[in-house]
Amino acid sequence: MSIIKSLADWVDERLGTREIGQALFGRKIPEATGLVSWIYTLGSVVMFLFILQAATGMFLAMNYAPTPENAYDSVRFISEQAPFGAFLRGLHHWGASAMVVGVALHLLTVFLLGAYKYPRELTWVTGVFLLLIVLFFGFTGYLLPWNEKAYWATLVGTNIAREAPVVGPAVARLLTGSDELGAQTLTRFYSIHVLLLPAAVIAFMAVHLFMVVRQGVTAPPARGGKSPELDLETQRRRELDKYHAQKEAGEPFYPYSLSKDVAAVLIVFVAIMALAWWFPAEVGQFPDPTDTNYNPRPEWYFLFLFQFLKYFPGSLEPVVAVVLPSLVFVGLLVLPFVDRRLLRHPLDRPLASGGACAALLGIIFLTVAGASSPQVSPYVPQPAEVAEGQRVYRQLHCDYCHSVNGRGGVIGPDLALATEQRHDKSWIVNHLENPQLVVSGKPISPMGVLPVLLPDQTEAVAAYIEELRGGGPYSALAPVLFQTYCMGCHRLNGHGSTFAPDLSSIGLMRTRSFIHRYIENPKAVVGSARMPSFLTPQGPLTHEFVEDLARYLAVQRGSVAPKESTSSSR
Amino acid sequence: MGNEAPSSGKVYKAPGGEHVAGASERDITRRQWLARFFWAATSLVGVGMSVPVVGYFLGPILKAGRPTDVKLGKLDDFPIGVPQRVEVTLFRVNGWVTEQARQIAWVLRKNDTNDGIVVFDPHCTHLGCAYHWSDDVKQFQCPCHDGRFDINGCVIGGPPPRPLDTYPSEVRDGVLYAVTKPQRKASCQSSKA
């Protein structure tokens, strides 16, 4: 013990640690009770979230490759193979959302309590910049998984930037690094996300925290009486004198306020851990720029803006998407210099309080409306083996020779369209292992010169090809099942009712996984679906029958185009 | 900020000047209780953050690579009594990347049975340089620090600490296969070639 003490003494003598500690942790905090005392923990919660994001982020970066070829696969590696990887990604994912909520609440409460006023204007200004930085963190981080969601959301995001008057095209080019979303975009976003923004955040946070210590935490606002007509200087001096008295009467930061802060941090952290554990961040699917079915959606905290855009004609879009948010930002920045009254209690500032509540309600309303707006093509995850097969297919550049739905090379057959040759999975496996043995009339296939795949890769590629071709053989019962349960509403190859969409070419648009999931529970896939669930106990079919039916439908690739986008009734 | 709190409570024995004057025993215990709670909760958060982060970081230790079976060639193509350099191209999974890798091995066929086959790992057991077979002196020679091995992979000179590593091999239908997981040999009988 004495060794520790003498070591502490030694350090203190040189560094002055005790004096610094006293200034940081021994400083007094004006007494706050009830709800207000909990509001005071928001700053610490946000700071904890920053530490959480930094800690999880720097480790996630160890297994992340910022190139279009590898980004998606490395994220999938983190989520599916690295120990604790899915959990760590979940923490970072939900931590980001919590950060946005925390920063927004912090700003809102500081506004409502009038804490931005003299002498804390600079604290507020740096805080507004920190909010902007957090939003940029969200925007740049969203692209990094390089899945469909990330790709399309960023495409839309950069196009919004392009809409800005005068500087738009230049800004968009600065973001994407070239004419289109690609390798240069990803490296730019990555370095902005992991190098530039953290540096900026630390700089602004340092000033922000220094101001907090220097000016002290505000006292809870009191109702302002009818103050006599005094000049601003006198009012300010009086206010400061009153504050210093309140501060002196308060308790030190450690352990009184700090224990409350850490209690709030613990609650938030447990909530984030629970979310990360039960709702991990999704891996999604590899983006396909030619996909016309995908529904781009921004991350939920940008949804309100997304929804807001829908209410305006295209000609006003630059105003709504760029000019308006910029004005809000500038407005926040100049707020403490425009509103110089010293009244702080929310009830003494009805206009400001009312405006803040209206803005909050508006954002909540727009977010809910945006989240519940129908999706034309919802996401149904593929089986893991199929996803792995797709990865191997892409990485080994099978598309140099083969094509899928007409995209790719023409040396080998199209893997999705050649359904008349419905080989089973063992044939495909055998073909991948010994190409020259299986192709009749072609003693040596060009594939024969390729090195042999690893055994489980062969299985995965076979699973992927099988999924492309409809997901495996169906039984003779499947057409009967269709006649019995589906034809009352749906139409297939000229037979059946026209009440529901024609399914003659459903296999061209939907995979077996999607159809299976849809028959099981349509509403789980498309919220507004009118089709009932067909899975027992709600419906008549067992899992086996649903699978049989799904495989049967997944090979329906007739020429009759369905009237509407097929299985998603809107 | 919480993590930087002073480790010794001694500096701030009392909440503040004014309070000390009338501080009751109860006041002191509240302070102690809050301080304990602060440190307990902070440790809990710290542990909660460290476990996944450290586990993730240690991942490479916890997970070993998977060996694969590689076709080296037809057995009859390997001469008897002379180490042969074989080069194979195989797909290797490295994290999220499946890469085409070229790998070499030295195959020694001692006789015409299926059992007299040794497949050597191509790296010197000293520091991993690539050695080569010198037919003039009938030795494996390492260019880095002059390590020397005889035809059976036994050390006959230089710094190598152990005989050449080998790959387990197998002959199926007249074709030689090896498993990509080198095995160490502690000792070596330097018998006739």
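The values are calculated or read from the model by the stated rules, or taken from the named source; none is laboratory data. Just so it is clear, the model here is predicted, and its values are computed rather than measured. Don't worry about glycine lacking a Cβ; one is built from the backbone with ideal geometry, like all the others, and counts go over all protein chains shown. For accessibility, only protein heavy atoms count, side chains too; no ligands or nucleic acids. Shrake-Rupley method; radii C 1.70, N 1.55, O 1.52, S 1.80 Å.
The single residue among B:V51, B:V47 that is modelled with pLDDT of 90 or more, more than 30 Å from B:V175 (Cβ to Cβ) and more than 9 Å from every other protein chain (Cβ to nearest Cβ) turns out to be B:V47. Just so you know, in the range B:87-138 the residues that are of a type in the set (D, E) and farther than 26 Å from B:A64 by Cα include one that is farthest from the other protein chains (Cβ to nearest Cβ), and it is B:D136. Checking A:G85, A:G90, A:G95, A:G102 one by one, the residue that is more than 14 Å from every other protein chain (Cβ to nearest Cβ), on the phi < 0 side of the Ramachandran plot, open to solvent by less than 20 Å² (accessible area, probe 1.4 Å) and within 24 Å of the chain's Cα centre (by Cα) is A:G102 and no other. Residues in the range A:171-178: is at least one among the aliphatic types (A, V, I, L, M) and part of a loop (DSSP other than H, G, I, E, B)? No: the range A:171-178 contains no residue that is among the aliphatic types (A, V, I, L, M) and part of a loop (DSSP other than H, G, I, E, B). Among the residues of the range A:336-361, those that are under 13 Å from A:P221 (Cα atoms), part of a helix (DSSP H, G or I) and open to solvent by less than 40 Å² (accessible area, probe 1.4 Å) comprise A:P346, A:D348. Within the range B:62-86, the set of residues being away from every other protein chain (no Cβ under 12 Å) and acidic (D, E) comprises B:D76, B:D77. When the residues of the range A:11-50 are narrowed to those that are at the interface with chain B (Cβ under 8 Å from one of its Cβ atoms) and closer than 30 Å to A:F189 by Cα, which ends up surrounded by the fewest Cβ atoms within 10 Å (Cβ to Cβ)? Applying the filter and picking the extreme gives A:M47.
As for the range A:508-518, it holds no residue that is small (G, A, S), in a loop (DSSP other than H, G, I, E, B) and open to solvent by less than 30 Å² (accessible area, probe 1.4 Å). In the condition set (1) open to solvent by 30 Å² or more (accessible area, probe 1.4 Å); (2) of a type in the set (S, T, Y); (3) under 13 Å from A:A281 (Cα atoms), A:Y118 is compliant with all but (3). Within the range A:9-44, the set of residues being within 21 Å of A:M211 (Cα to Cα) and among the small types (G, A, S) comprises A:G16, A:G21, A:A23, A:G26, A:A32, A:S37, A:G43, A:S44. Taking the stated definitions as given, is A:A264 touching a Ser or Thr at 6+ places or on another chain (Cβ under 9 Å), among the small types (G, A, S) and surrounded by 14 or more Cβ atoms within 10 Å (Cβ to Cβ)? Answer is yes for this residue. Of all residues in the range A:67-82, those satisfying the criterion of being more than 8 Å from chain B (Cβ to nearest Cβ), over 16 Å from A:P280 (Cα atoms) and surrounded by fewer than 21 Cβ atoms within 10 Å (Cβ to Cβ) are A:T67, A:P68, A:E69. Taken over the range B:154-166, the criterion of being in a loop (DSSP other than H, G, I, E, B) and in contact (Cβ under 8 Å) with a residue 40 or more places away in the chain is satisfied by B:L164, B:D165. Here A:L131 clears all of (1) assigned to a helix (DSSP H, G or I); (2) under 28 Å from A:L108 (Cα atoms); (3) open to solvent by less than 30 Å² (accessible area, probe 1.4 Å) except the condition numbered (3). Out of A:F87, A:F77, one residue alone is more than 20 Å from B:F38 (Cβ to Cβ), modelled with pLDDT of 95 or more and outside any loop (DSSP other than H, G, I, E, B). It is A:F87. Considering only residues that are in a loop (DSSP other than H, G, I, E, B) and open to solvent by less than 20 Å² (accessible area, probe 1.4 Å), look in the range B:102-149 and name the one that is nearest to B:D76 (Cα to Cα). Within the range B:102-149, the match that is nearest to B:D76 (Cα to Cα) is B:G116.
Of the residues examined, B:R26 is one that is part of a helix (DSSP H, G or I), modelled with pLDDT under 85 and over 22 Å from the mean Cα position of the chain (by Cα).
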